[in-house]
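Notes follow the structure.
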Amino acid sequence: MKILGIESSCDDTCAAVLSDTMLLSNVVAGQQVHHDYGGVVPELASRAHQQNIVPVVDIALKKAGLKKEEIDAIALTKGPGLMGSLLVGVSFAKALSIGLDKPLIEVNHMQAHILSHFIQTPGEPYNPPSFPFLCLTVSGGHTQIVLVKDYFDMEILGETLDDAAGEAFDKAAKIMTLPYPGGPLVDKFAKEGNPKAFSFPIPHVPGLNFSFSGLKTSFLYLIRNGESDNPHFVEEHKNDLCASFQYRVVSILFDKITRASEQTGVKEIAIAGGVAANSGLRNALQGAAAQHHWKVYIPQMQYCTDNAAMIAITGYYKFLRKEFAGYDLAPKARLEFTHNTKI
């Protein structure tokens, strides 16, 4: 079964082809235009998607060795994301579906991040999680702990009450005047710094929920106070600042996923989303596996950030259930999981 996946929820135009669960191609076109603005500009993102989507899909099909007529279904991101960006992907997928007379499958972007663990990569061991497992899904827009009981039975145990962890990394980078996207740069400089050089407060949030707004404020005040005494404070302490901030974010995430494992008794632990590429989080999880008797699942880098392979794998499992969308489907900027509800 050949599934074409299309992802356009933010600033990456993505297309991928899977044969059942096996990856045939995975193409991503980024958008450099946002670097000058220090963040994603929605209007510019949607225009870039319009320019990129045809060549990206064409390249994905060619790399897969397929003609467009040979695909069996088209999976697309319905949401959540930027409305203008989503509209480009949804409109293109609808038109292609009509032109080829192939079924259309709508996908929740956050569910797809979790199911990326079930993608088979050529030449790599295939070791997907066993149900049930816990997934710490961390990105620029979301931070959630999800109990995954089945491909389509997922329950949110905890989530951020304000800002996402990925947004906190990007904001810290912006405060230090690092170029966009800042999260990967914080990770890079943190490797050379002392994680105990600066101390940041631990937010007291009930249950398994998160909060990062206070941490961002604390970081901002530290920088302001430091620069008031020394204009070169950030440059002289950049590595230590990044290491200390990353240490606190990772410790917050790690504490909550540990509590979730203790409360549920689930020892299968996975991470997903853009922040799953962070070396501090990956190392913390791997280091704790033996101590907590966890079986840990860490996605390949290409499946952490936004990609269409995760859309295609979700589309594959929906295809097996004959869950097809009509041409009246519309993108939704806010498309959340609901507690205790199958999706």
Applying the selection to region 182-205, what residues are more than 24 Å from Gln144 (Cα to Cα), surrounded by fewer than 17 Cβ atoms within 10 Å (Cβ to Cβ) and of a type outside the set (Lys, Arg)? Glu192, Asn194, Ala197, Ser199
What tally of residues in region 167-220 results from selecting those that are among the aromatic types (Phe, Trp, Tyr) and in contact with a Cys (Cβ under 8 Å, 6 or more places away or on another chain)? 1
Looking at region 28-48, I want the residues that are open to solvent by less than 70 Å² (accessible area, probe 1.4 Å) and have a partner that is of a type in the set (Phe, Trp, Tyr) with Cβ atoms under 6 Å, at least 6 apart or on another chain. Which pairs are those? Gly38/Tyr180; Gly39/Tyr180
Could you grab me the full set of residues in region 254-272 that are within 17 Å of Phe210 (Cα to Cα), open to solvent by less than 30 Å² (accessible area, probe 1.4 Å) and more than 15 Å from the chain's Cα centre (by Cα)? Lys256, Ile257, Thr258, Ala260, Ser261
Considering region 182-211 alone, what residues qualify as being among the hydrophobic types (A, V, I, L, M, F, W, C), more than 24 Å from Ala260 (Cβ to Cβ) and part of a loop (DSSP other than H, G, I, E, B)? Ala197, Phe198
The lone exception for Leu76 - which of (1) under 27 Å from Gly39 (Cβ atoms); (2) at pLDDT below 95 it fails: (2)
Flag for Val88 being open to solvent by less than 50 Å² (accessible area, probe 1.4 Å), under 22 Å from Lys332 (Cβ atoms) and free of Cβ contacts under 8 Å to residues at least 40 places away in the same chain: no
Residues satisfying the stated conditions in region 280-301, i.e. touching a residue at least 24 places away in the same chain (Cβ under 8 Å) and charged (D, E, K, R): Lys295
Among residues of region 273-308 being farther than 27 Å from Met22 by Cα and small (Gly, Ala, Ser), the residue surrounded by the most Cβ atoms within 10 Å (Cβ to Cβ) is Gly280
From the residues in region 206-226 that are open to solvent by 10 Å² or more (accessible area, probe 1.4 Å) and hydrophobic (A, V, I, L, M, F, W, C), which one is nearest to Val250 (Cα to Cα)? Leu208
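The values are calculated or read from the model by the stated rules, or taken from the named source; none is laboratory data. Computed from a predicted model, the values in this text were never measured in an experiment. Note that each Cβ is placed from the backbone with ideal geometry, even for glycine, and that neighbours are counted across all protein chains shown. When the accessible area is computed, the model is the full protein with side chains, heavy atoms only, and any ligands, DNA or RNA have been set aside. Shrake-Rupley method; radii C 1.70, N 1.55, O 1.52, S 1.80 Å.
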